[in-house]
Amino acid sequence: MPVTETSAPMGYNVVAVEAWIGQHVPSLRLPLIWTRLEGGHSNLTYRIEDAHGQAAVIRRPPLGELLPKAHDMAREWSLIRALSGTAVPVPAALGFCDDVSVTGARFYVMGHIDGHPLYNSDDTRRWVPEDCRTAMAHSFIDALASLHALDPDEVGLGDLGKKEGYIARQLKTWYRSWTASVEPAQLDDPRAHSLQEYFLANVPVQGPARVVHGDYGVHNCLVGPDGTVAAVVDWEISTLGDPLADLAYALNQWPDPTDALPPKPEGATAPPGFPSRSALAQRYADRTGRDLSHLDYYIGFNRWKSACIVHGVYARYMEGKKGTEGVDLAGLLQSIDRSLELADEAVARLRARA
């Protein structure tokens, strides 16, 4: 949603960028009105409206030095372009600029979607009336099922990443993050190590690789005026891998009657009217035909991964690499502990069925 309008958009040489758009995006007529949009992993994202009132969205990485694979606009562009015309709802792909001399970074232009991400329960109450929430949740899981139904080679995404060993690679990456963060965080937990050992020793056989979004949730979906998902956005960390890991990550934000604790009231999926997590998992299984008997493995793995991610964030705060003003450090510690607890519970369910 818009947050501000400005004649000098951050990170953009407006004259050069508008000249490029004039040459490469014929559907837009200059000049443009620029409006900053919120969200998007710190990427500099603006709504641009042309001389005839037609809207689009422009997106580039944040300013400053970036990690080599961070904020990959080319990856995002390749995905929305490849997925256009499929059953996966994405914005229209209008133009990609890989000439960094234009504005200091690659950027792309995509169609504007009349929709809103859901970051919290207030967003849900504002944009999704209670009588629309079942349809919204179904469209959310159906979009993911549609993504996982696609053969990456057939849509031109076969070289997006390695096709095999997704979980093993993730376990290696995030365990390395945990161990590297122990000293600066001044925090270790034996569960992080025992869980990694369990997951590594019990990796399920991966089926055919599919495109995995990597951060699929209602915060990265635009809910349209009818209360259903109009588009999926923020594809920058997408790769090829095990679709059930993607599913489990998506399901973790949805509550279920079997949960020991009630959902956090501020969560986007906490308001009444949504189907349960179990019902959404069953809907996914019905639409894909996938065997979900090992779903608890993937749920536990994602909880463990979440703990590793937050642990790394906490370490950066403790090192002084990020300012702590207004940051709930105790809340981060609670999040780490809770994620490891939930991962342990998932493993306990797996062992009980073994």
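When residues of segment 1-31 are filtered for being in a loop (DSSP other than H, G, I, E, B), modelled with pLDDT of 90 or more and among the polar types (S, T, N, Q), how many remain?
2
Condition test on Ala343, is it small (Gly, Ala, Ser), assigned to a helix (DSSP H, G or I) and in contact with a helix residue (DSSP H, G or I) (Cβ under 7 Å, 6 or more places away or on another chain)? Break it down stepwise before answering.
Numbers: small (Gly, Ala, Ser): yes; assigned to a helix (DSSP H, G or I): yes; in contact with a helix residue (DSSP H, G or I) (Cβ under 7 Å, 6 or more places away or on another chain): yes.
For Ala343, the condition - small (Gly, Ala, Ser), assigned to a helix (DSSP H, G or I) and in contact with a helix residue (DSSP H, G or I) (Cβ under 7 Å, 6 or more places away or on another chain) - is met.
Can you find even one residue in segment 226-248 that is at pLDDT 95 or above and among the aromatic types (Phe, Trp, Tyr)?
No.
Residue by residue, here is whether (1) surrounded by fewer than 20 Cβ atoms within 10 Å (Cβ to Cβ); (2) free of Cβ contacts under 8 Å to residues at least 40 places away in the same chain; (3) not assigned by TED's automatic domain parsing to the domain that holds Lys305 holds:
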{"position": "Ala192", "(1), (2), (3)": "no, no, no"}
{"position": "Glu197", "(1), (2), (3)": "yes, yes, no"}
{"position": "Asp215", "(1), (2), (3)": "yes, yes, yes"}
{"position": "Val218", "(1), (2), (3)": "no, no, yes"}
{"position": "Cys221", "(1), (2), (3)": "no, no, yes"}
{"position": "Ala230", "(1), (2), (3)": "no, no, yes"}
{"position": "Trp235", "(1), (2), (3)": "no, no, yes"}
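At least 3 residues that are modelled with pLDDT under 95 in each: list the helices (runs of 4 or more DSSP H) lying fully within segment 71-174 that qualify. Steps first, please.
Numbers: elements: 73-83, 121-127, 133-149.
Output list reads 73-83.
For the list (1) within 25 Å of Arg126 (Cβ to Cβ); (2) touching a His at 6+ places or on another chain (Cβ under 8 Å), I need the number of the one condition that Asp226 fails.
Unmet for Asp226, out of (1) within 25 Å of Arg126 (Cβ to Cβ); (2) touching a His at 6+ places or on another chain (Cβ under 8 Å): (2).
How many of the residues in segment 32-53 are exposed (fewer than 14 other Cβ atoms within 10 Å of the Cβ), at pLDDT 80 or above and not aliphatic (A, V, I, L, M)?
In the first step, residues of segment 32-53 are kept if they are exposed (fewer than 14 other Cβ atoms within 10 Å of the Cβ); the result is 38, 42, 51-53.
Of the ones still in play, those that are also at pLDDT 80 or above are 51-53.
Those still in the list that are not aliphatic (A, V, I, L, M) too: 52-53.
Of the residues in that region, 2 qualify.
Restrict the check to segment 296-305 and report whether at least one residue is more than 13 Å from Asn252 (Cα to Cα), β-branched (Val, Ile, Thr) and modelled with pLDDT of 95 or more.
So in segment 296-305, the residues more than 13 Å from Asn252 (Cα to Cα) come out as none.
Looking for residues that are more than 13 Å from Asn252 (Cα to Cα), β-branched (Val, Ile, Thr) and modelled with pLDDT of 95 or more, one finds none in segment 296-305, hence no.
Can you tell me which residue within segment 330-341, out of those that are among the hydrophobic types (A, V, I, L, M, F, W, C) and under 21 Å from Thr179 (Cβ atoms), is farthest from the chain's Cα centre (by Cα)? Reasoning before the result, please.
Within segment 330-341, the subset among the hydrophobic types (A, V, I, L, M, F, W, C) is 330, 332-333, 336, 340.
Pick out the ones that are also under 21 Å from Thr179 (Cβ atoms) and you get 332-333, 336, 340.
On the way: Leu332: 20, Leu333: 22, Ile336: 19, Leu340: 21 Å.
Checked segment 330-341; the qualifying residue farthest from the chain's Cα centre (by Cα) is Leu333.
Name the single residue, out of those in segment 317-352 being in contact (Cβ under 8 Å) with a residue 12 or more places away in the chain and more than 24 Å from Gln253 (Cβ to Cβ), that is surrounded by the fewest Cβ atoms within 10 Å (Cβ to Cβ).
Glu319
Hey, can you tell me all the residues within segment 283-305 that are without any contact (Cβ under 8 Å) to a residue 40 or more places away in the chain, part of a helix (DSSP H, G or I) and under 19 Å from Leu350 (Cβ atoms)? First the steps, then the outcome.
Our first condition is that a residue be without any contact (Cβ under 8 Å) to a residue 40 or more places away in the chain; within segment 283-305, this holds for 285-286, 289, 291, 293.
Filter again for part of a helix (DSSP H, G or I), leaving 285-286.
Within segment 283-305, just Ala285 meets the criteria.
Somewhere in segment 283-293, is a residue at pLDDT below 95 and surrounded by 16 or more Cβ atoms within 10 Å (Cβ to Cβ)?
no
What pairs can you find where one residue is in segment 133-156 and assigned by TED's automatic domain parsing to the domain that holds Val218, the other is among the charged types (D, E, K, R) and crowded, with 19+ Cβ neighbours inside 10 Å, and their Cβ atoms are less than 6 Å apart, with a gap of 6+ or different chains?
That search, which allows pairs on different chains as well, returns His148/Arg210.
Filtering segment 311-329 down to residues that are part of a helix (DSSP H, G or I) and either hydroxyl-bearing (Ser, Thr, Tyr) or at pLDDT 95 or above (or both), which residue is farthest from Ser177 (Cα to Cα)? Before the answer, list the steps.
Taking segment 311-329 as the starting set, the residues that turn out to be part of a helix (DSSP H, G or I) are 311-319, 329.
Retained after the next criterion (residues that are either hydroxyl-bearing (Ser, Thr, Tyr) or at pLDDT 95 or above (or both)): 311, 314, 317.
Values: His311: 8, Tyr314: 12, Tyr317: 15 Å.
For segment 311-329, the residue satisfying everything is Tyr317.
For segment 132-190, what are the residues that are within 22 Å of Ala330 (Cα to Cα) and surrounded by fewer than 19 Cβ atoms within 10 Å (Cβ to Cβ)?
Ser177, Thr179, Ala180, Val182, Glu183, Pro184, Gln186, Leu187, Asp188, Asp189, Pro190
The values are calculated or read from the model by the stated rules, or taken from the named source; none is laboratory data. All values reported here derive from a predicted model rather than from experimental measurement. Note: ideal-geometry Cβ built from the backbone for every residue, glycine included; neighbour counts use all protein chains shown.
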